[in-house]
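Novice: Please see the structure below; I have some questions.
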Amino acid sequence: MQSRIKMIGASLGALLLLLSITACSDSDEPAVAAVEQDSALTDERGPNNGRLLRDGDFMLELAIFETGVPPEFRAWATVNGDPVAPTEVNLNLQLTRLGGSVDDIGFAPQGDALRGDRVIYEPHSFSVGVTAMHRGAIHRWTYDSFEGRTSIEPAVQEALGIVTEIAGPAVIEQNMPVYGRITANTEAISHVSARFDGRIEAVFGSIGDRVNAGDRLAQVESNQSLTPYPVTAPISGIITARNAGPGEQTAGRELFTITDFSQLWADFEVFPGDRARIDIGSTVRIRSALLESPLEGTIAMFLPGMTANQAVTARVLLNNPDGRLLPGVWISAHIKVAEFEVPLAVRREGLQSFRDFTVVFAQIGDEFEVRMLEMGRQSDDWVEILSGLQPGTRYVTKNSYILKADVEKSGASHDH
């Protein structure tokens, strides 16, 4: 129905133009023929690899040219297969893009071709209206040249889990990648001995047992008073060493070691060239195969001295309440070194590849179309957009790969 309405509207426009030209012409001038063409379109390509538009003996080859120049339209006309001088053709294109904006393109002769007067920005996806005038005759064509576009009904969007968001300002963090290892917090280790030497009557804790502060670890009979007394845990944690057995003498030695793993150290190597970019208190986001989601901490200190590979050790105090991390685990992290507020950004999870571009899918109504992006600074979550997307555009953030697959399945091509 929409196509039929367009055809009727275009036909009326052509008729009005014909009546206007006829009314203004001298009686000796021939009448101007106006022809509306919606069907004289094929996949046939011309010698310049452009789309061929036919109307009787008149034919126009229309191509997007971008060899050594930004993309622009070029056109070549023939009559009965013979070239027509560009100066004899008056040509205009109307490119209607998704959302209703229109690019109006005029043409001027250049060599053996007509050259468009505007750069055709990406995506090259639009409904095309062509008007060519040659020797008093008006030739019109309309056709769709879509790429990277698909349509999905709202109910289907919801079922597929497609989520959108409005593009706007964001805070971009600049991070420095580092690698390191988890170590025990030596300030959370307790070495337990008996207060008075004596004979160990009983032992209540084994390696690996979790104990709370005040729990009894052993019972000792004092050599001096022969009075039994308990040896208790001074802190909560895990028994990581036991050097006590029933019937033994304490002999002034360490009986137990208790380690609190609820707080650990993460030690990272920072090379001298990067040292000036970070400070005590800098935020660190840590990842490990043992973690379901990143842990955040801050740099607590820089250890004195250099490592064997001439790096400085940055130490982070980590909370580890569920005990997932263990000393000796290798980890990676990003240290935040700067942050910038940018006027336009999109979420990284919405990015997809399309042809040679990185794109997001803009939504207008029930239709989605690629937007080719020029990107700036990036963080784990956001990407600054320098061009290719207008602020306030609704775009797909989650499950955009579904749209990419649908576009690729439809076989929409880049029409040059």
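Novice: When residues of the stretch 291-347 are filtered for being among the acidic types (D, E) and in contact with a strand residue (DSSP E or B) (Cβ under 8 Å, 6 or more places away or on another chain), how many remain?
Specialist: As a first pass, look at the stretch 291-347 and keep what is among the acidic types (D, E): 292, 296, 322, 339, 341.
Checking the rest, the ones that are also in contact with a strand residue (DSSP E or B) (Cβ under 8 Å, 6 or more places away or on another chain) come to 296, 339, 341.
The total comes to 3.
Novice: Restricting the search to the stretch 359-388, which residues are more than 21 Å from P177 (Cβ to Cβ) and of a type outside the set (A, V, I, L, M, F, W, C)?
Specialist: Applying the first criterion (more than 21 Å from P177 (Cβ to Cβ)) to the stretch 359-388 yields 359-374, 385-388.
Once the filter is applied, which keeps residues that are more than 21 Å from P177 (Cβ to Cβ) and of a type outside the set (A, V, I, L, M, F, W, C), the stretch 359-388 yields Q363, G365, D366, E367, E369, R371, E374, S387, G388.
Novice: Sticking with this structure for a sec: Can you tell me which condition F368 does not meet? The list is (1) closer than 15 Å to A170 by Cα; (2) touching a residue at least 60 places away in the same chain (Cβ under 8 Å), and all the others hold.
Specialist: It is condition (1) that F368 fails.
Novice: Of everything in the stretch 162-218 that's hydroxyl-bearing (S, T, Y) and within 49 Å of the chain's Cα centre (by Cα), which residue is surrounded by the fewest Cβ atoms within 10 Å (Cβ to Cβ)? It would help to see each step written out before you state the result.
Specialist: Taking the stretch 162-218 and keeping what is hydroxyl-bearing (S, T, Y), we get 164, 179, 183, 186, 190, 193, 206.
Next, only the ones that are within 49 Å of the chain's Cα centre (by Cα) stay: 164, 179, 183, 186, 190.
On the way: T164: 19, Y179: 10, T183: 14, T186: 8, S190: 15.
Only one residue tops the list, namely T186.
Novice: Further question on the same structure: Hey, among T67, T87, T78, which residue is touching a strand residue (DSSP E or B) at 6+ places or on another chain (Cβ under 7 Å), exposed (fewer than 14 other Cβ atoms within 10 Å of the Cβ) and farther than 14 Å from V128 by Cα?
Specialist: Being touching a strand residue (DSSP E or B) at 6+ places or on another chain (Cβ under 7 Å), exposed (fewer than 14 other Cβ atoms within 10 Å of the Cβ) and farther than 14 Å from V128 by Cα holds for just one of T67, T87, T78, which is T87.
Novice: Taking the stretch 49-74, which residues are over 12 Å from H139 (Cβ atoms), without any contact (Cβ under 8 Å) to a residue 60 or more places away in the chain and of a type in the set (G, A, S)?
Specialist: G68
Novice: Sticking with this structure for a sec: Please give the strands (runs of 3 or more DSSP E) falling wholly within the stretch 221-273 in which 1 or more residues are within 30 Å of R285 (Cβ to Cβ) and touching a strand residue (DSSP E or B) at 6+ places or on another chain (Cβ under 8 Å).
Specialist: Where strands (runs of 3 or more DSSP E) fall fully within the stretch 221-273 and carry at least 1 residues being within 30 Å of R285 (Cβ to Cβ) and touching a strand residue (DSSP E or B) at 6+ places or on another chain (Cβ under 8 Å), they are 237-242, 254-259, 263-270.
Novice: Return the only residue of R347, R315 being within 28 Å of the chain's Cα centre (by Cα) and of a type outside the set (V, I, T).
Specialist: The unique qualifying residue is R347.
Novice: Do any strands (runs of 3 or more DSSP E) entirely within the stretch 1-104 hold 2 or more residues that are within 30 Å of R149 (Cβ to Cβ) and at pLDDT below 60, and if so, which?
Specialist: By residue number, 34-37.
Novice: Look at F302 and say whether it is over 16 Å from the mean Cα position of the chain (by Cα) and among the aromatic types (F, W, Y).
Specialist: Yes; evaluated as a whole, the condition is true for this residue.
Novice: Name the residues in the stretch 359-385 that are under 14 Å from the mean Cα position of the chain (by Cα) and farther than 30 Å from E296 by Cα, would you?
Specialist: V359, F361, A362, V370, R371, M372, L373, E374
Novice: Between a residue in the stretch 307-319 that is farther than 8 Å from F268 by Cα and free of Cβ contacts under 8 Å to residues at least 40 places away in the same chain and any residue that is among the small types (G, A, S) and not in a strand (DSSP E or B), which pairs come within a Cβ distance under 9 Å, given they are 6 or more apart or on different chains?
Specialist: Here the result reads none, with nothing in the stretch 307-319 linked to a residue that is among the small types (G, A, S) and not in a strand (DSSP E or B).
Residue-wise test of (1) touching a residue at least 12 places away in the same chain (Cβ under 8 Å); (2) assigned by TED's automatic domain parsing to the domain that holds R45; (3) farther than 30 Å from E61 by Cα; (4) surrounded by fewer than 20 Cβ atoms within 10 Å (Cβ to Cβ).
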site	(1), (2), (3), (4)
R355	yes, no, no, yes
V360	yes, no, yes, no
R377	yes, no, yes, yes
L386	yes, no, yes, yes
K398	yes, no, yes, yes
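The values are calculated or read from the model by the stated rules, or taken from the named source; none is laboratory data. Everything numeric here is computed off the predicted structure, so don't read it as measured data. As a convention, Cβ positions derive from the backbone with ideal geometry for all residues, glycine included, and neighbour counts pool all protein chains shown.
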